Structure formats: C-alpha cells, structure tokens
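The values are calculated or read from the model by the stated rules, or taken from the named source; none is laboratory data. No experiment lies behind these values; they were computed from the predicted model shown. We place every Cβ from the backbone using ideal geometry, glycine too, and count neighbours over all the protein chains shown. In case anyone asks, the SASA skips ligands and DNA or RNA and just uses the protein heavy atoms, side chains included. Shrake-Rupley method; radii C 1.70, N 1.55, O 1.52, S 1.80 Å.
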Amino acid sequence: MGTFMASYSDLANRPVLTQPTYEAGRPIEVVAREFGLDPASVIKLASNENPLGPSPLGLAAARKALEVCHLYPDGGCTFLREKLAAKWALTPAHFIVGNGSNEVMILLAQAFLRPGDEVVFGEQAFIVYKLATLLFGATPVPVPMPGYRHDLKALRAAVTPKTRIVFLASPNNPTGGTDAPADILALAASLPEDVIFCLDEAYAEYLDASADLRPLMQSGRKVVVSRTFSKAYGLAGLRVGYLMGSPEVVALLNRVRQPFNVNLPALAAAEAALDDEAFVRRTREVNSAGIAQLKAGLARLGCEVIDGHANFLAARIPEAEQAFTKLQRAGVIVRPLAGYGMKGWLRLTVGTAAQNERLLAELAKL
Ligand SMILES: *Cc1c(COP(=O)(O)O)cnc(C)c1O
C-alpha cells in the first residue's frame, strides 16, 4: 500500500459527506436471526405494508411478466401511463413513473434544487423530503408541527424568495395526521408562482376524500402529486410510484430519470393492480377496522395516540426505545420515531385483526 494524499472523501461532492442515511424498518429475517426466532413467527408492523399481501391481480401479472424478463421493460411505461391518464382524466404526458414514489421525489429535487435554494416541509414530515433536499445541497426549512400536526399557515409563512419546493404529505408519515382538502388547495393556490408544491398522497387510498389539485395544475399552477403502489395496492417490494404534473414538468423529470427505472414485473403488476378495485376496497375495510381496534386497545393501555386515518398510528409508549427491542424479542417489529424528533413514540402499522391483537397483547406485557 502506498501513501495517498487524497481519500475518497476528499474527492466526494460536498453534500455527500454530511448526507444522512435513510433508516428503514427492520426486515423479518434479520430480526429473526438476531433474536433466534422462527421467521414465520415474526410479524412486521414497521413499514406500513399491506397486511393482506399483494394485490392478487398484480401478483399474477408480475409472475407472468417474469417469463419474459430477458427483455428490457418499456422504459416509457406506456400502458401504465395510459391507464393512469384514464383514471385521472388527464393525458399520459401528465405522468412519470418511478422506482417507488421515493424516486420521483428525488428526480424532482435533482431537476430543481441547487445550493442556496430552500425547501419547506413540516418538522415531522416524511424524512425523504429532507434527504432529497440535502442531497442536492439545498437548505431544509423544517416548520414546527404543534401537536405533531401540520400548520399550513406556518408552512406558507416559511416560504421566502429562496423557496423552490414545498412538500406536504396528507396523511403524513410518521404522524398519520391529515389536512382538509380545502386547506391543502388553499395553501397550493397561495404559493408564489416560482414555488413547486408537491403533495405526497402515498396513503390517499385510505381516505374518504383527498384534495383534487388537477384544476390548479390545469390552470398553470406549479403543483405536482405523487402516489404509490406500495401501500394500498400491496406492492412495496416491487417499487412503483408515480408523479402527476403538467406535461412540462414531467418532460423535465424524464430527462433526469434512468432509462429503465421501473422493472418489468413491477410495471406489469402496477398495470394490473390499478384494476384491482376489490382488493383496495378490502384493504380499506380491514384497515379501518384495524385502526379502530388499535385505537381502542391503546386507549385501554392509557397510551396517547395521534388521530390518524392512514394504515398506521403513532403512539406514545413508555420507554419506547426499550419497548422497540422487547417487542422484537417477542417477534413483533415496529418503528421507533426518535429519528423524527419524536422520542418516546412508536409507529405501529395496522395489521390483520390477529396481528393487531398480538401487538396489543405484547404492549400490555410491557
Ligand atoms: C411509504 C411512503 C411513500 C412511498 O414510498 P415508495 O417509494 O412509493 O414505496 C411516500 N411518501 C410517504 C409519506 C410514505 O409514507
């Protein structure tokens, strides 16, 4: 080994050196090995996945697509974008598909952010907004969330001439709080014309009503909406999400994305799952029953809960960090929220009735 003057770190782009890494929910196999458990006995209520499994239509299509996986996927996602256009009464040019909606948010940041730009979002908003901002050297502007709820007036007030993007998730992850569609529309309409408003609707399928930004989009407002197949459609492991926006913004994002960013089985699954209305309906039913079950159980245990309508609840649990470990030892994986500045809180994904019961029983033992 010679003596070298420069390390890789010396050569790296500056933002990379301080970029935080995303902390994902712990996988079943990893927890099973660590605690000496049978993986089949472990339940994961840590990543807001669908407890009913994948959409059956999506799964069948993915299996079939694997037979021709020697072929590249359709990089343009032609058929999925046509289906999305029909679903939303827009054109295929209004849609870009990503490797999860995570990717479309990174594309947005890559296309529009540079050092000196500011990005506004709630202090306990989905962490990807902060990661995407920092990755391109821009400045995060976290806005306090009283009672862990978005304060839309405060978000608006945090916008300055340097602001390039405002991110809002409704329902928000990890808090679960939802904003009224009329309030979201008012915020979007109030922003200066050089600010992009990105509404993250990862959990919109679980709501009775969500904000319709299409009229604002059609009127030329800089609003984009992201959605995902990871939650209500049960396809998290395949990684498909999309962004809806004006053809102009979609064309710019297409310049930035990789040629085949969405893989072949994923694309086939998403196309088929979009028609699986029965599965999404059942998902919603099981979820609202599960939310009621968890809220009642947590109330019996005297745990504070943030009211939410997504497929998870944030709950204040005594000694949450130790509880997280003890639950894993009992074969139940949840998510600690200290990384979100919510020390003492755990995020609990809604499972099947039996899984929820098991979670509540283990919490009661603590
Ligand atoms: C889960 C989630 C997403 C979706 O991520 P994918 O990359 O599509 O799997 C996006 N936003 C929020 C707020 C989420 O919780």
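A few points about this structure:
- When the chymotrypsin sites (Phe, Trp or Tyr not before Pro) in the stretch 189-295 are filtered for DSSP coil states and for at most 15 other beta-carbon atoms within 10 Å of their beta-carbon, the remaining sites are PHE260.
- Distance between the modelled labels on ALA278 and THR325, one decimal in nanometres: 4.7 nm (7 Å Cα→Cβ projection).
- Value at 222 nm in deg cm²/dmol, rounded to 500, when DSSP H runs of n ≥ 4 in the chain each add -39,500 (n - 2.57): -11500 deg cm²/dmol
- Cα-based Lys proximity count in the chain, under 17 Å, for pairs eight or more positions apart or on separate chains: 6
- Beta bridges by DSSP in the stretch 198-336, antiparallel share as percent, to the nearest 5: 65
- Stretch gain in nm, segment LEU11-VAL68, where the contour uses 0.36 nm per residue and the Cα spacing is subtracted: 16.4 nm
- Computed E for ILE127/THR3 - FRET, C-beta separation, R0 45 angstrom, nearest 0.05: 0.70
- Among beta bridges identified by DSSP and lying wholly in the stretch 56-273, the antiparallel ones come to about 30 percent.
- Prolate/oblate/rounded label for the chain (Cα gyration tensor, a/c 1.5): rounded
- Solvent-accessible ranking of THR139, THR349, largest area first, probe 1.4 Å: THR139, THR349
- Gain in span if fully extended, THR160 to GLN258, counting 0.36 nm per residue against the direct Cα distance: 32.1 nm
- One Cα centroid belongs to the stretch 30-102, the other to the stretch 301-356; the line between them spans 25 Å.
- Counting only protein heavy atoms and a 1.4 Å probe, the stretch 215-341 has 42 square angstrom of accessible area per residue.
- Carbon and sulfur %, accessible surface of the chain computed with the full protein complex present, 1.4 Å: 57
- Residues ALA361 and GLU34, FRET efficiency given R0 of 25 Å [Cβ-Cβ distance, rounded to 0.05]: 0.70
- ARG214 paired with ARG300, simple spin-label distance in nm, labels 7 Å along Cα-to-beta-carbon: 4.4
- Annotation: extensible slack from ASP307 through ALA338 equals 9.3 nm (criterion: 0.36 nm per residue apart, minus Cα-Cα distance).
- The label-point distance for LEU207 and LYS87, in a model that sets each label 7 Å from Cα toward Cβ, rounds to 1.6 nm.
- Extent along principal axes [Cα atoms of the stretch 56-273; Å; largest to smallest]: 53, 35, 30
- Antiparallel bridge percentage (DSSP; both residues within the chain; nearest 5): 45
- In the complete set of protein chains, residue-level accessible area for HIS70 is approximately 140 Å², probe 1.4 angstrom.
- Listed residues ALA209, ALA266, ALA251, most fluctuating in the chain (Gaussian network, C-alpha, under 10 Å): ALA209
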